[in-house]
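In what follows, a structure is listed as structure tokens, so that the remarks can point back to it.
The values are calculated or read from the model by the stated rules, or taken from the named source; none is laboratory data. A quick note: this is a predicted structure, and the numbers were derived from the prediction, not measured. Because the Cβ atoms are built from the backbone with ideal geometry, glycine has one as well, and the counts that use them run over all protein chains shown. Just so you know, the surface numbers come from the protein's heavy atoms only, side chains and all, with ligands and any DNA or RNA stripped out. Shrake-Rupley method; radii C 1.70, N 1.55, O 1.52, S 1.80 Å.
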Amino acid sequence: MESGLKDKVAIVTGASRGIGRAIACRLSEDGMKLVIAARTRELLDEVARSCTSEVEPVYVDLREESAPQRLVERAIAKFGRLDLLVNNAGATKRGDFLSLTENDWQDGFALKFYCAVRSSRTAWPYLCTSNGSIINIIGVGGRTGSAEFAIGGTVNAALMNLTKVLADRGVRDGVRVNAINPGSIATDRLQTRIRNFAVDNQISQNEAADAMADKLGISRFGRPEEIAEIVAFLASTRATFVQGAIIDADGGQTKTL
Ligand code: NAD
């Protein structure tokens, strides 16, 4: 079945590496034109070059209040329409509650939560016109609290509720809003944690990865491409009755309903 995405236009935030990069490349395979955003010019340009469709990179700090407006304006100026917003950018500091500073909290919310709020608000009128959609990349830490993931967990919980809020509004306005909760995905950040675990426990990196996966109750870590595949499905005409869904892609890590 056709995806219906060819020549449609998407914004992907945090697309210079990891899950965002994989999403940009996957949507490009389906023929979507893209605005991709992150801070690092070299990485973002490299992603643009490896995509097969037209891609407009925007180098921007997404914590800034004006950044989402710039992305939407660029999409409209360059491509004349907007069909999909993927709120992916996020980086929240891990650590025990009492060790986290005011600035750590502000920073985590500024990037992952407020950027998604602002981007969704700015994109909304254009998505109404195109009967488009929003996909939030959130994280299973929003479902299950953990002492070491205070900021990420609370940001993610807030974004799950925002997904439901916008999905409800979207019924009226013809905009679909859904979310994916990745579990542990093998991006650079996870590789660093695996390396550190291996050094701390004096074992090989493979042994460290197995031990960490075992602790989470999963058989392996996920791949960025596996998240990208779900994004491509949710954005496509195959998923037009999917509204307000929050899909856990975590290898079975989340045991609760
Ligand atoms: P990553 O750190 O590999 O990539 C994050 C992207 O956001 C990069 O492109 C980075 O340049 C960009 N970014 C970071 N700060 C920015 C800023 N201030 N301004 C503009 N761009 C900025 O992250 P990832 O692992 O690919 O995660 C992507 C999303 O998925 C995040 O929201 C993350 O919380 C979520 N997630 C990831 C995992 C995982 O295991 N990797 C698990 C659950 C949720």
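Observations
- Checking 218, 230, 194, 247 one by one, the residue that is part of a loop (DSSP other than H, G, I, E, B), among the β-branched types (Val, Ile, Thr) and surrounded by 14 or more Cβ atoms within 10 Å (Cβ to Cβ) is 218 and no other.
- Condition check for residue 168: within 11 Å of the ligand (Cβ to nearest atom), over 18 Å from residue 250 (Cα atoms) and surrounded by fewer than 21 Cβ atoms within 10 Å (Cβ to Cβ): no
- The lone criterion from (1) under 20 Å from residue 140 (Cβ atoms); (2) at pLDDT 95 or above; (3) under 21 Å from the mean Cα position of the chain (by Cα) left unmet by residue 238 is number (1).
- Candidate set: region 73-89, residues that are open to solvent by 30 Å² or more (accessible area, probe 1.4 Å) and in contact with a helix residue (DSSP H, G or I) (Cβ under 9 Å, 6 or more places away or on another chain); chosen: the one nearest to residue 6 (Cα to Cα): 81
- Unmet criterion (only one of (1) without any contact (Cβ under 8 Å) to a residue 24 or more places away in the chain; (2) away from the ligand (no atom under 14 Å from the Cβ); (3) over 30 Å from residue 82 (Cβ atoms)) for residue 219: (1)
- Qualifying residues in region 7-22 (those that are over 17 Å from residue 71 (Cα atoms) and open to solvent by less than 40 Å² (accessible area, probe 1.4 Å)) - the one nearest to the chain's Cα centre (by Cα): 19
- Of the residues making up region 171-189, not one is open to solvent by 20 Å² or more (accessible area, probe 1.4 Å), under 11 Å from residue 134 (Cα atoms) and not in a strand (DSSP E or B).
- Screening region 113-136 for residues that are within 12 Å of the ligand (Cβ to nearest atom) and open to solvent by 10 Å² or more (accessible area, probe 1.4 Å) and picking the one that is farthest from residue 234 (Cα to Cα) gives 114.
- Residue 70 being open to solvent by 20 Å² or more (accessible area, probe 1.4 Å), part of a helix (DSSP H, G or I) and without any contact (Cβ under 8 Å) to a residue 40 or more places away in the chain: yes
- Any hit, region 50-67, residues being within 19 Å of residue 8 (Cβ to Cβ), under 16 Å from the mean Cα position of the chain (by Cα), assigned to a strand (DSSP E or B) and within 12 Å of the ligand (Cβ to nearest atom): no
- Evaluation of residue 54 against the conditions (1) open to solvent by 70 Å² or more (accessible area, probe 1.4 Å); (2) touching an Asp or Glu at 6+ places or on another chain (Cβ under 9 Å) shows that the sole unmet condition is (2).
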